[in-house]
1. Can you report the number of residues in the range 166-177 which are open to solvent by 10 Å² or more (accessible area, probe 1.4 Å) and either part of a strand (DSSP E or B) or closer than 20 Å to Gln210 by Cβ (or both)?
2. Working only within the range 187-225, note down all residues that are within 14 Å of Pro6 (Cβ to Cβ) and in contact with a helix residue (DSSP H, G or I) (Cβ under 9 Å, 6 or more places away or on another chain).
3. When the residues of the range 83-122 are narrowed to those that are hydrophobic (A, V, I, L, M, F, W, C), part of a helix (DSSP H, G or I) and touching a residue at least 24 places away in the same chain (Cβ under 8 Å), which ends up nearest to Arg197 (Cα to Cα)?
4. When you go through (1) touching a strand residue (DSSP E or B) at 6+ places or on another chain (Cβ under 9 Å); (2) open to solvent by less than 50 Å² (accessible area, probe 1.4 Å); (3) farther than 16 Å from Phe60 by Cα one by one for Leu143, which number turns out not to apply?
5. Can you tell me which condition Gly184 does not meet? The list is (1) in a loop (DSSP other than H, G, I, E, B); (2) free of Cβ contacts under 8 Å to residues at least 60 places away in the same chain; (3) open to solvent by less than 10 Å² (accessible area, probe 1.4 Å), and all the others hold.
6. Have a look at Pro211, Pro198 and point out the one that is under 20 Å from Val13 (Cβ atoms) and either open to solvent by 40 Å² or more (accessible area, probe 1.4 Å) or acidic (Asp, Glu) (or both).
7. Looking for whichever is farther than 18 Å from Thr118 by Cα, open to solvent by 40 Å² or more (accessible area, probe 1.4 Å) and in a helix (DSSP H, G or I) here; the options are Glu34, Glu39. Which one fits?
Amino acid sequence: MPTAAPPVVVFDVNETLLDIDSLAPLFGEWFGDERVLREWFAQLVMYSMTATLAESYVNFSALAQGVLRMLGDIHHVGIGDEDLRRLKAAFLTMPPHPDAPEGLAALRDNGFRLVTLTNSPPNPDGATALESAGLAGLFEHRLSVDACRAFKPAPAVYRYACQTLGVAPADCMMVAAHVWDTVGAQNVGFSGALVTRPGNPPLPVDGLPQPDLVVSDLRQLAERLIELRG
């Protein structure tokens, strides 16, 4: 439990703010099993980290489409260009989690600086996922790893956020539904808050940074941080 509330709260987007389970019906249609969504997302995260470790880079949208084609080969399912288009469109229009608007508004109204830091690239062809979800106006900055050409949890990504905001890492808390994201941020000096969305509990391993806060949703996060601010 932190002893003071950080002035800057940095949010992951996919799954933390936006509900990726909204994509499940597409995977049920393609693969006959909506659970393949989780296989796809896990592979997408793994290959984003692989690209960074290998000092290579393609944007997250292109990687997402490539992983879908790969899963099609694994499961002997034909994935065509129209399927890739539908995935991209659905990814850009995911709804927010019900607790997100209220929790974010409470933090903003209590003087916290709110920022997003996402693996997803900017969308030059239209609205971003945050804009489609109606959340974009709650944030001071909406940052993408695309500017670094490296994916989270690379240290350069979190340092880029600090440089852009003109703050020290100790002034920032990373809020994510993924332990790999909080660990990456804590490694460079952020504090970390884990939002335990379904399937995303803490990782109790000695030697790895543990989240400073563990909350069930963003309403609870707001309550805890506002309480710390006093």
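The values are calculated or read from the model by the stated rules, or taken from the named source; none is laboratory data. Bear in mind that the values here come from a model prediction, so they are computed numbers and not experimental data. Cβ coordinates were reconstructed from backbone atoms using ideal geometry, including for glycine residues, and neighbour counts include every protein chain displayed. Remember, those area values only see protein heavy atoms, side chains included, never the ligands or the DNA or RNA. Shrake-Rupley method; radii C 1.70, N 1.55, O 1.52, S 1.80 Å.
1. Qualifying residue count, the range 166-177: 2.
2. Val188, Gly189, Phe190, Ser191, Gly192, Ala193, Pro211, Asp212, Leu213, Leu221, Ala222, Leu225
3. It comes out as Ala100.
4. With respect to (1) touching a strand residue (DSSP E or B) at 6+ places or on another chain (Cβ under 9 Å); (2) open to solvent by less than 50 Å² (accessible area, probe 1.4 Å); (3) farther than 16 Å from Phe60 by Cα, Leu143 is out only on (3).
5. Here Gly184 clears every test but (1).
6. None of the others qualify; the one that does is Pro198.
7. Among Glu34, Glu39, only Glu39 is farther than 18 Å from Thr118 by Cα, open to solvent by 40 Å² or more (accessible area, probe 1.4 Å) and in a helix (DSSP H, G or I).
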